[in-house]
Amino acid sequence: VGLVEPYRKLVKTLEFRSDKELQKIVVSSTISGEGKSVVASHLAAVSAMLSRKTLLIDADLRRPVQHTLFNLPPKPGITEIIEGRRKFTDAIQKTDVDSLDILTCGEIQGRPSQLLESAEMKSILEEAAKEYELVVIDTPPVSACADAATLGKYSDGVVLVTRPSFTNKEMLQRAVSELTRDRIPILGVVVNGMSNLTEKYYRYPVKSYHPTRQLSSGGRR
């Protein structure tokens, strides 16, 4: 209950603050290490627990982790759909959480931005919105690349994850300014408290924020 309640409040707060029904939410951060992937996974899981048919999309094609969180193989996923090797419905994976499905990263490619900028990616999000009540999209940090802004334009808005005594105030202000300039709605800023164990697993510097090597099915990096 202690873990579920904060995210239930987050879901409700996002709903109350929006003038329209939220269907597609991008979750990002300013820099690496703020826990945006953990927040995205919990937000999606709690949404499903509230009886919403929910899809979690791992659009962080540089350093994907959602498949490891849910103990699923990394492919088939986004890249297989974009390249025409799988249909949307065939790439969706079930989780142990009722009403929660995942679209993983797929096979790691050397051109993540090109894939996310494609018309096929926009079609994936449109189809997801037709099939699910809520779509949560995990993206790279705003300071690492333009992926969050790209997907933010296809969504109802962005949730920025911050971390006490870690997030740089100036970088957060810059991220908010850039998203506002691009007319991408900022749905809210989440203050995330992470344990040392979680930090050790998820933190990586911005300079090394580029595609990982090919992941084996179900393997942890």
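Couple of notes before you dig in:
- Extreme residue, surrounded by the fewest Cβ atoms within 10 Å (Cβ to Cβ), among residues of the stretch 40-71 that are in contact with a helix residue (DSSP H, G or I) (Cβ under 8 Å, 6 or more places away or on another chain), aliphatic (A, V, I, L, M) and touching a residue at least 60 places away in the same chain (Cβ under 8 Å): 65
- The stretch 162-182 - residue that is of a type in the set (Val, Ile, Thr) and not in a loop (DSSP other than H, G, I, E, B) and, of those, surrounded by the fewest Cβ atoms within 10 Å (Cβ to Cβ): 180
- Residue in the stretch 27-44 that is over 22 Å from residue 149 (Cβ atoms), of a type in the set (Val, Ile, Thr), part of a helix (DSSP H, G or I) and at pLDDT below 95 present: no
- Top-ranked residue of the stretch 4-24 - restricted to ones that are hydrophobic (A, V, I, L, M, F, W, C) and touching a helix residue (DSSP H, G or I) at 6+ places or on another chain (Cβ under 7 Å), ranked as modelled with the lowest pLDDT: 4
- Sole residue being in a strand (DSSP E or B), buried (at least 17 other Cβ atoms within 10 Å of the Cβ) and touching a residue at least 60 places away in the same chain (Cβ under 8 Å), chosen from 159, 142: 159
- Yes/no for residue 107 being within 23 Å of residue 38 (Cβ to Cβ), of a type in the set (Asp, Glu) and either in contact (Cβ under 8 Å) with a residue 60 or more places away in the chain or touching a Pro at 6+ places or on another chain (Cβ under 7 Å) (or both): no
- Any hit, the stretch 172-184, residues being under 19 Å from the mean Cα position of the chain (by Cα) and at pLDDT below 80: no
The values are calculated or read from the model by the stated rules, or taken from the named source; none is laboratory data. Note that the structure is a prediction, hence the values are computed from the model and not measured. Here Cβ is always computed from backbone atoms with ideal geometry, including for glycine, and neighbour counts include all displayed protein chains.
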